[in-house]
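Report on the following structure.
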Number of protein chains: 4
Amino acid sequence: MGAEEHTWSPELEAFHEEIERYYLGPLWAVIQGVITKEPATDAVPYLWKWSVIRERVLRSGELVTPERGGERRVIYLENPGLKAKGIPMAATRTLYAGIQLLLPGEVAPSHRHIQGAIRFILEGEKAYTTVEGEKVYMEKGDFILTPPWTWHDHGHEGTEPMMWMDGLDVPLLDRLKVSFFEPYPEDRHPVKYPPNYSALRYAGGMMRPVGARRGEGGYPSSLILYTWEQTQRALDRLSELEADPCDGYALEYINPNNGESADARIGSWIQKLAPGMHTQAHRHVSSAVYHVKEGRGYTVINGERFDWEAGDFFVVPPWAWHEHVNTGETEAYLFSINDRPVMEKLGLEREEAHPTGWQDVVRVFEPLR
Amino acid sequence: MGAEEHTWSPELEAFHEEIERYYLGPLWAVIQGVITKEPATDAVPYLWKWSVIRERVLRSGELVTPERGGERRVIYLENPGLKAKGIPMAATRTLYAGIQLLLPGEVAPSHRHIQGAIRFILEGEKAYTTVEGEKVYMEKGDFILTPPWTWHDHGHEGTEPMMWMDGLDVPLLDRLKVSFFEPYPEDRHPVKYPPNYSALRYAGGMMRPVGARRGEGGYPSSLILYTWEQTQRALDRLSELEADPCDGYALEYINPNNGESADARIGSWIQKLAPGMHTQAHRHVSSAVYHVKEGRGYTVINGERFDWEAGDFFVVPPWAWHEHVNTGETEAYLFSINDRPVMEKLGLEREEAHPTGWQDVVRVFEPLR
Amino acid sequence: MGAEEHTWSPELEAFHEEIERYYLGPLWAVIQGVITKEPATDAVPYLWKWSVIRERVLRSGELVTPERGGERRVIYLENPGLKAKGIPMAATRTLYAGIQLLLPGEVAPSHRHIQGAIRFILEGEKAYTTVEGEKVYMEKGDFILTPPWTWHDHGHEGTEPMMWMDGLDVPLLDRLKVSFFEPYPEDRHPVKYPPNYSALRYAGGMMRPVGARRGEGGYPSSLILYTWEQTQRALDRLSELEADPCDGYALEYINPNNGESADARIGSWIQKLAPGMHTQAHRHVSSAVYHVKEGRGYTVINGERFDWEAGDFFVVPPWAWHEHVNTGETEAYLFSINDRPVMEKLGLEREEAHPTGWQDVVRVFEPLR
Amino acid sequence: MGAEEHTWSPELEAFHEEIERYYLGPLWAVIQGVITKEPATDAVPYLWKWSVIRERVLRSGELVTPERGGERRVIYLENPGLKAKGIPMAATRTLYAGIQLLLPGEVAPSHRHIQGAIRFILEGEKAYTTVEGEKVYMEKGDFILTPPWTWHDHGHEGTEPMMWMDGLDVPLLDRLKVSFFEPYPEDRHPVKYPPNYSALRYAGGMMRPVGARRGEGGYPSSLILYTWEQTQRALDRLSELEADPCDGYALEYINPNNGESADARIGSWIQKLAPGMHTQAHRHVSSAVYHVKEGRGYTVINGERFDWEAGDFFVVPPWAWHEHVNTGETEAYLFSINDRPVMEKLGLEREEAHPTGWQDVVRVFEPLR
Ligand SMILES: [Fe+2]
Ligand SMILES: [Fe+2]
Ligand SMILES: [Fe+2]
Ligand SMILES: [Fe+2]
Ligand SMILES: [Fe+2]
Ligand SMILES: [Fe+2]
Ligand SMILES: [Fe+2]
Ligand SMILES: [Fe+2]
């Protein structure tokens, strides 16, 4: 609440110390640090250069191999603010983002966990993910779901290194300490469906195979592959209309069976910014991790300018003002994950437009290179 | 309940007559006709030839004009069983289907009604429907929604007669006597959006423009145009998989915002039957009106064979066994509307597979020509 | 739509006749009678005197016995407007209301049907209803549910005639022709639970036995007995507050598991009118059948005054203005059933306050005696 | 995942250190500590004696006064396991529990916060809580809601100290860093309704005032006072049936408008254990804070015996085995709060029965006195 510091009488100090020994605490002394007037986030805005990440991801291919027990070959983003607090594997307090590498011929063995996962494909071809018996081939720009507690393994039938972004709600579940994990007894879970089964069933988007009403096809979302081809088409058509003032041409991947987010806890968005587009600033309780699929520009976050180009990743913390600018001559595409579904399910989301539309840039962020 | 006829003692007959004068009725005497063991539908299976309909629809173009007050130029299907009972405008007890004609330059003036409407486009081009300010151009095979109580008018900028199928829940609302209707003070409702606005916003199908969460775009379903192009693609991809035993390659048009049927009360399906395909028989409480978009074949309904070809319409009544056969050398496409959303919302839907898989054909229906 | 009569040219008349032979109809000629500006209900307001009903119900005890096959000993209310149209067993187009008599020692054999049923107990004691193995004893003023497709039988362990009101959605399901009925192979379904099981589990109202989350207790609503004792208490406490202008002190029986109406399709209300209370007039699409539990007064329906006293039944048709007056010196209690849940689920409900607050009384209804 | 320790080659160690400088992390090195096979909770089972708490709460009445800014006079429970990790104000990682003291004539000024709060009244009378203009008098055993973001203040018109338990989801919101707080400009929010308004409206429990459908009465749950009188009655009636094997006679406070938990994020339960009752052990992801309203007994948590008597508080952490025993000669009543609604909304709840029914007691907890 109020930010001012209290000083306590010696008598009260003594009382505080006395009750503390009984694992009791004085609300009046600590409430201001916990029930704050506005979100007192400790995640900081940050940006990672793709050149930095990519080099190390490729190098990890020489040093480690995917193993039983979940040890995928992934390098993940650590939010400096949260790292300083000892919060592990966290891009924000709820979201994890990593870059996974799979080499030709490798297998990342089958397992399942209560954490949900999304994939956004960065480089390579002919690798696949198998989710509960559905083998899904991954192509650049595809968006792929691994719903919570579904068996999944990855394999690679191609000849070049394959890289993709993993997005999970690991930090959220670690905040709550509610993880469950189970390795599959064999490397590969049996394949039950034709390749890309669910994408074939839902190719029309707003049309559902009638068997789905009878529970056929069976994942929480029924649909686990959203191809870049259809994403591109969706963005192109949307771009014939006026852009959203704060979000540009922005689409949310949804679950066709209930209209909610594709993953029940992780929101996933794709945004297109036309050349020269400068969106208005806003802020919201939900936080996000962005990946620059294509293009060049910058994002102003709480007055600090974060320049980005294709491949870069950056974080927008909770309740941070942010606006995007495309400075390039071509479209910019931003893929992002967020915790909006969690905030909405728990009744915690809020959104606010910037009072003057745009922020003043008071700092320029210098990324590590 | 039991089908047997009761005879009553003279004393009881007299009692029945006595209470009837007080607008009281003896349950024991009538219950068997009303609380029946199975649906005692009075709608009959029936088929209308497109050649018969088309000729008369075109002829109506010479005789009547669209007018204020809802008098569209439409010829509708009358179920002979329901017509015999004096139930008006009914293909089944819940569904209305008509064929509307709009001539070049004509306008069907704006109005709104609590009855929902879907359109499936049969012939022509460059006509449009305007729904609450969104102008939607109609092309063959497109599926278009007019949600309940939305202002809508039709216009025609082309040079050839335009024909489409109208599907409404007029009979359902007439069973309940709950109609509301209002003419717009002018012929045309103002256009507020770019042409095909919602189709541009939802072109990706399982991707939603983020503004829709904030209520932008505004219809009950947000999306009112489902183009044949995307329907065709959805069916093609679905056809790479195994067909549904009873329904072939069948898709339901859905509302991307909640995963429910596109219109909240009228279900709409498109089915593709590969050459030679013969589906298994089943029956369900929900009833349907079919339109043969393309192809040639027959449907067996309660043991009677209904041969069909492109353009024909036919009715599958509630709880009637039915199976479809494509006898042609090309794909057959069946569009249909049904009352399944109503039955499901009211907890009344049931479905049953035929005990032997297929019916014996005991009759062949002779359509009027 | 417009009420004006059309006249058609001889040529058009001939065309109408010609297409009619093909079971085709001209929309322009019939639309005004079907898509009406406002609900064109054919149910009429009506009132039945309890003295008339009771005498005949008791007389039926001498003439008929409950039998296998659903033939309960019930005398039901026939809306004169609907009777004139040949619509059977209908108080309104959706609602059935009857008065059932069970004599000491009798059994009304077990059966189930897709129609939902509610009971409101009028006279007698020590009779019971068994619903899916739960035996519920009936006392005056109790409200009891028989959810759709649950086995139920009635028995009588007392010494005096037992009478109760039955409310079912028979006419709604008959409009749709979707009935299912099944007799149980024996007279009585086995009892699985202690007497009044669900009422013991839910005695706190806004408190749920935790096992219910795991599906224990099993009906659609989990709760099937709402005692008059708790109803009375609820009304008494509510009466310490201001009354609702149109409904007085009015409570809806709800399903504690989802906050919806106790029966999923039949709404049930209890209303208390303080002495002298005169509610404001309103109208709504949903219709209702009222039973006067206690008191004396009148209801004005579409300008006609219907005087009532304890035991009487009356009907408020769809979209009819209505207001209630308690002319007695004690509280009046009105129990009623309505089709509001159906109208709401189908998106058809509307409500309107009377422009001047109260109607002019232009007629007085003379009930048959 | 696997618990075994990895050792890394010097080369890999160097790589880990190198990428760490770029705020990148190696998944393979940390995943086992975060994606665990089962919840790796750091909250410990613990018990606080009422005598210890009460003495200090009363003493705090001499030392501090309620102030503007949220500084209620509350002593809260600190889970030793979480305190060791620097997690403030946490009984579990999601739940806060405190004991609030209000002295005669005092006012705890009005404010609102996004954290939800429940109160369970421990001692005293004639104090009240005002929630959005509804003044609710507090009596022993009452359960009172302060839904998120509703203005609330407390006052005291009596003569004795008033004490109650506060339950909030402060730690959950602190995990997510999403707090909002606002002081009201004046001490007291204006009263808009008669005292105990919502309890009068919902006195029937499974009956809803019909105006609530039109949004009248207005809180998220409409109902904010659940009196001990009705709780007692509910438990008494429930006790005529068989107890739940793991939970005894257990009731959840629910929101009558949707059948969900009374507070949308905090579950609240009351349990009665008959003399001698020994429940079976189970465990679940959701955690709980218990308060012993009456009685004497013990709870075995993960093999450790926690003896309790009236007034004590104890914690059952996530995924901890627990079983309850009433060793007294009278009924025991346990009130508790839990995070089950959060776990269920996020799809994270699981429950497991103990393989042998009961745990072996391997330790006895010695509470601080
Ligand atoms: Fe995984
Ligand atoms: Fe944003
Ligand atoms: Fe229309
Ligand atoms: Fe079918
Ligand atoms: Fe029955
Ligand atoms: Fe009314
Ligand atoms: Fe507070
Ligand atoms: Fe438990």
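Every read-out reported here was derived from the displayed coordinates using simple, explicitly stated rules and does not represent laboratory data. Model, not experiment: these values are computed from the prediction. For neighbour counting, all protein chains shown are included, and Cβ atoms are generated from backbone atoms with ideal geometry for every residue, glycine included.
Listed values, structure above:
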| read-out | value |
| --- | --- |
| Residues with amide H under 5 Å from that of B:A108, placed H, sequence gap 5 or more | B:H154, B:G155 |
| ³J(HN,Hα) computed for each position of region D:93-106 - Karplus, 6.51 cos²θ - 1.76 cosθ + 1.60, integer Hz, glycine/proline x | 5, 10, 10, 10, 9, x, 10, 9, 10, 10, 9, x, x, 6 |
| Chain B, rotation onto A, residue closest to that axis via Cβ, with its distance in Å | B:G205, 0 |
| Cross-link partners of A:K85 among aspartates and glutamates (Cα-Cα below 13 Å; sequence separation of 8 or more within a chain) | A:D42 |
| Per-residue mean of C-beta atoms belonging to partner chains within 10 Å, peptide A:196-204 | 6 |
| Descending Cα extents along the principal axes, region B:1-155, whole Å | 70, 33, 29 |
| Relative contact order %, region A:14-162, counting alpha carbon pairs below 8 Å whose residues are six or more apart | 19 |
| Stokes-Einstein diffusion coefficient of region B:30-93, Kirkwood radius over Cα pairs, 10 °C, 1.306 mPa s, in µm²/s | 111 |
| Sparse-neighbour loop sites [GluC sites (Glu not before Pro); region D:1-62; at most 16 other C-beta within 10 Å; DSSP] | D:E4, D:E5 |
| All lysines inside 23 Å of C:K345 as judged from Cα atoms, apart from same-chain residues fewer than 8 positions distant | B:K177, B:K345, C:K37, C:K177 |
| D_trans [Stokes-Einstein, Kirkwood Rh over alpha-carbon pairs] for region B:162-274, 10 °C, 1.306 mPa s, µm² s⁻¹ | 94 |
| Karplus-derived HN-Hα couplings along region D:228-242 (A = 6.51, B = -1.76, C = 1.60, θ = phi - 60°), whole Hz, x at Gly and Pro | 5, 3, 6, 5, 4, 4, 4, 5, 4, 5, 4, 6, 6, 9, 6 |
| For peptides C:111-117, D:180-186, A:205-211, sequence by mean Cβ density within 10 Å, most packed first | A:205-211, C:111-117, D:180-186 |
| Per residue, the convex hull volume that the Cα atoms of region A:286-351 enclose (Å³) | 75 |
| Region C:229-358: relative contact order as a whole-number percent, Cα under 8 Å and 6+ apart | 29 |
| Only Lys, Arg (+1) and Asp, Glu (-1) charged, at Cβ; chain B dipole about Cα centre in debye | 900 |
| Cα lying deepest toward the dipole's positive end in chain B, options B:P10, B:Y184, B:G167, charges on Cβ | B:Y184 |
| Eligible lysines near B:K293 by straight Cα distance, threshold 23 Å, same-chain separation 8 or greater | B:K49, B:K126, B:K140, B:K272 |
| 10 Å Cβ neighbours from other chains, averaged over peptide D:248-261 | 5 |
| 20 °C / 1.002 mPa s Stokes-Einstein diffusion coefficient of region A:47-364, Kirkwood radius on C-alpha pairs, µm²/s | 107 |
| DSSP-assigned coil residues among trypsin sites (Lys or Arg not before Pro) in region B:14-65, each with at most 14 further Cβ atoms within 10 Å | B:R21 |
| For A:167-177, mean number of other protein chain Cβ atoms within 10 Å | 6 |
| Scattering profile of region B:243-330 at q = 0.12, 0.13, 0.14 Å⁻¹ [log10 I(q)/I(0), Debye over alpha-carbon scatterers] | -0.37, -0.43, -0.50 |
| For chain A: relative contact order, % (alpha-carbon pairs under 8 angstrom, 6 or more apart) | 16 |
| Cleavage-rule hits (chymotrypsin sites (Phe, Trp or Tyr not before Pro)) in region D:320-369: DSSP loop, at most 14 neighbouring Cβ within 10 angstrom | D:W358 |
| Alpha-carbon gyration tensor eigenvalues x 5, square-rooted, for the protein assembly as shown, Å | 54, 46, 30 |
| Assigned charges on the beta-carbon of Lys, Arg, Asp, Glu; the protein assembly as shown dipole about Cα centre (debye) | 0 |
